[in-house]
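Novice: Just passing along the structure, written as structure tokens.
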Amino acid sequence: LNDNPSHYKITLSGTLKSPKINFDPPFLMLMPVPLDVKTETAVSIIPQDYLRQSRIQVELPELELEDSGRIYPFSVQFPEGQDIVLSSDGTNKELMCHISFRSSRPVSFLVTMFFIDEEDN
């Protein structure tokens, strides 16, 4: 530094936190409804350790019927948007997600719904 031939060694250390999301409630059980009637529930998505804005996408499951037909009875809406935003205090704002189901065919099932950010986490 300043033409001084001395060498300086700097050691840096840190902890890397991977971004993750949690859900409240952590799983859903939708109530039985008559055919072609929509049932819906709200889920809070709680992002943690996101250092920059990211957008959540949802992979909706398809259901295979006994007659080999396929249906997509789920829909998802984000009334306040799908973007994970870093607030001024360094935390991430919760997202509200409305999950709905409607089917014209009788079905019973257990499925997994994937919520994915822009980096495929």
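Novice: How many residues are farther than 28 Å from L110 by Cβ and open to solvent by 40 Å² or more (accessible area, probe 1.4 Å) when one looks only at the range 70-82?
Specialist: Counting residues in the range 70-82 that are farther than 28 Å from L110 by Cβ and open to solvent by 40 Å² or more (accessible area, probe 1.4 Å) gives 1.
Novice: Assess whether M31 counts as being among the hydrophobic types (A, V, I, L, M, F, W, C) and loosely packed, with under 14 Cβ neighbours inside 10 Å.
Specialist: The answer is yes for M31.
Novice: Still on this model: Please pick out the residue among P79, P61, P32 that is part of a loop (DSSP other than H, G, I, E, B) and at pLDDT 95 or above.
Specialist: From the options P79, P61, P32, the qualifying one is P79.
One line per residue, one yes/no per condition, for (1) out of contact with any helix residue (DSSP H, G or I) (no Cβ under 7 Å at 6 or more places or on another chain); (2) farther than 30 Å from T15 by Cα; (3) loosely packed, with under 15 Cβ neighbours inside 10 Å; (4) of a type outside the set (A, V, I, L, M):
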position	(1), (2), (3), (4)
D49	yes, no, yes, yes
R55	yes, no, yes, yes
D67	yes, yes, yes, yes
I84	yes, no, no, no
S87	yes, no, yes, yes
L95	yes, no, no, no
I99	yes, yes, no, no
S103	yes, yes, no, yes
F115	yes, no, no, yes
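The values are calculated or read from the model by the stated rules, or taken from the named source; none is laboratory data. Just so you know, these numbers come straight off a predicted model, no measurement behind them. Counting neighbours? That spans all protein chains shown, and the Cβs are built from the backbone with ideal geometry, glycine included. Surface accessibility is based on the protein's heavy atoms, side chains included, excluding ligands, DNA and RNA. Shrake-Rupley method; radii C 1.70, N 1.55, O 1.52, S 1.80 Å.
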